[in-house]
Amino acid sequence: MNRVARSDELHARVQRFASGDSAETFSGLAQEIAQFQREFSAGFARLWARRSAASDAVELIPGVPCDAFRMTRVALHPESDDQARFATSGTTGSARGIHALRRLDTYRALALRFGRAALLGSNARPRVVALAPRLDDPPSSSLGYMMALFMADFEQSATTDVRAPERWLLDEQGVQLAALERIAERAMEAGEALVVLATSFALVGLLDALEERRINAPADTVVMQTGGFKGKSREVDGELLRRDVARAFGISEQRVVSEYGMTELTSQLYEATLPGSALHAEHRGPPGVYFEPPWLRVVPVDPISLEPVAPGEVGIARIIDLGNIDSAIAIQTQDRVQRTGTGITLLGRAPGAPPRGCSLAVEEFLRARGS
């Protein structure tokens, strides 16, 4: 079986697994995808070869550092087969990483399945808007693409236009407060729920524009907040931001749900705080604890050796994502994490220069590709 046929088979199996097919296991699929990438990615094969562990445990699959996506192409397929190229946000003056996807249907299936579980907790039909710039064509932001997916899927309406200007309420002047207030009022009148998708920085802009005023929004409004303040001039404590956003919409803090995702991933993690949601029913996690979907696993590892740390200890996150079939199943981040019960607590980015383990892994990956 050639590369494309094997990739297509793995995509189908991952999608079935995400739908609850008990014939597959996370470990089994992870090992098969890792083997597939070893055969068709010289960089991944090099990372695998430098491992000292003899075990084939999933937790020991070596991660491709996020920095590699800025320095070289991380994909098993040629550019001509790209269905999408999602770019990292980066900081001013820095190179942007690119995650090239050969297929978007797996991204769509996984994002929607877990997004519904985390963000839908009401029987009322939702109206969905984003405090984000208008979606470009083709989409270059994985977050923007995901937001558009949620608009179309959550509303389940033939009239939903995900490119309509009134869907995207952030521009060069900041948050379009008047437009958001109009949409919230219409949702109230129609007996709809309101789902607001936003970055943390956009929510700070909203609070500044409100100047202590409140938005007249439905009682079952949900706010999804994501992302930090990288490259921005102002930061706000997470707990304070959650409190103020809840106050601004007149909702409980449980209805402000944080998401964790990365351009280099296909999948996302969420808090399980929203009453009535499937994720809350399963975990009932407190704010600040994120939960993995069944097709993703976070492994805290030592920043120097990149070996898994003992249960409960702090490490940097290696993320094994079954959706990354054509790029890198394991991503090595610099984010400090700690496992808390069945969830993950995020502790911020490792300070200073990249951890030595990550730097060595980047060198190995690039050397194998002749970069």
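The values are calculated or read from the model by the stated rules, or taken from the named source; none is laboratory data. Note that the structure is predicted; figures quoted are calculated from it, not measured. With ideal geometry, Cβ positions are generated from the backbone for all residues, glycine too; neighbour counts draw on all protein chains shown.
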Query raised in the report: Checking GLU59 against (1) surrounded by fewer than 19 Cβ atoms within 10 Å (Cβ to Cβ); (2) more than 20 Å from GLN334 (Cα to Cα); (3) at pLDDT below 95, which test does it fail?
Result: (2)
Query raised in the report: Could we say that ALA198 is within 30 Å of TRP295 (Cα to Cα), in contact with a strand residue (DSSP E or B) (Cβ under 8 Å, 6 or more places away or on another chain) and assigned to a helix (DSSP H, G or I) here?
Result: no
Report task. Hey, could you check segment 74-91 for residues that are in contact (Cβ under 8 Å) with a residue 12 or more places away in the chain and in a helix (DSSP H, G or I) and say which is surrounded by the most Cβ atoms within 10 Å (Cβ to Cβ)? Result -> ASP81
Report summary line: Considering segment 209-223, residues that are closer than 14 Å to PRO275 by Cα and aliphatic (A, V, I, L, M), and then whichever is surrounded by the fewest Cβ atoms within 10 Å (Cβ to Cβ), we arrive at ALA219
Requested in this report: Check segment 283-291 and report whether any residue there is touching a residue at least 60 places away in the same chain (Cβ under 8 Å) and either buried (at least 24 other Cβ atoms within 10 Å of the Cβ) or part of a loop (DSSP other than H, G, I, E, B) (or both).
Outcome: no
Query - Single condition GLU172 does not satisfy, out of (1) closer than 24 Å to ARG116 by Cα; (2) over 20 Å from the mean Cα position of the chain (by Cα); (3) surrounded by fewer than 22 Cβ atoms within 10 Å (Cβ to Cβ) - result: (1)
Query raised in the report: Got a sec? Which of GLU264, GLU185 is over 24 Å from the mean Cα position of the chain (by Cα) and not basic (Lys, Arg)?
Result: GLU185
Query raised in the report: Is there a residue being at pLDDT 95 or above and buried (at least 17 other Cβ atoms within 10 Å of the Cβ) anywhere in segment 224-237?
Result: yes
**Report entry** Those residues of segment 35-73 which are over 23 Å from ASP302 (Cβ atoms) and part of a loop (DSSP other than H, G, I, E, B), in sequence order
**Finding:** SER41, THR72, ARG73
Query raised in the report: Residue check, GLU307 against (1) surrounded by fewer than 20 Cβ atoms within 10 Å (Cβ to Cβ); (2) on the phi < 0 side of the Ramachandran plot; (3) under 23 Å from the mean Cα position of the chain (by Cα), all met but one. Which one?
Result: (3)
Query raised in the report: assigned to a loop (DSSP other than H, G, I, E, B) and either in the same structural domain as ARG127 (by TED's automatic domain parsing) or of a type outside the set (Gly, Ala, Ser) (or both) - does that describe any residue in segment 238-246?
Result: no
Report task. Six or more apart or on different chains, Cβ under 7 Å: which pairs go from a residue in segment 134-161 that's in the same structural domain as ALA187 (by TED's automatic domain parsing) and of a type in the set (Lys, Arg) to one that's surrounded by fewer than 19 Cβ atoms within 10 Å (Cβ to Cβ) and at pLDDT below 95? Could you list them? Result -> ARG134/PRO165
Query raised in the report: Restricting attention to segment 193-202, does a residue exist that is modelled with pLDDT under 95 and in contact with a helix residue (DSSP H, G or I) (Cβ under 9 Å, 6 or more places away or on another chain)?
Result: yes
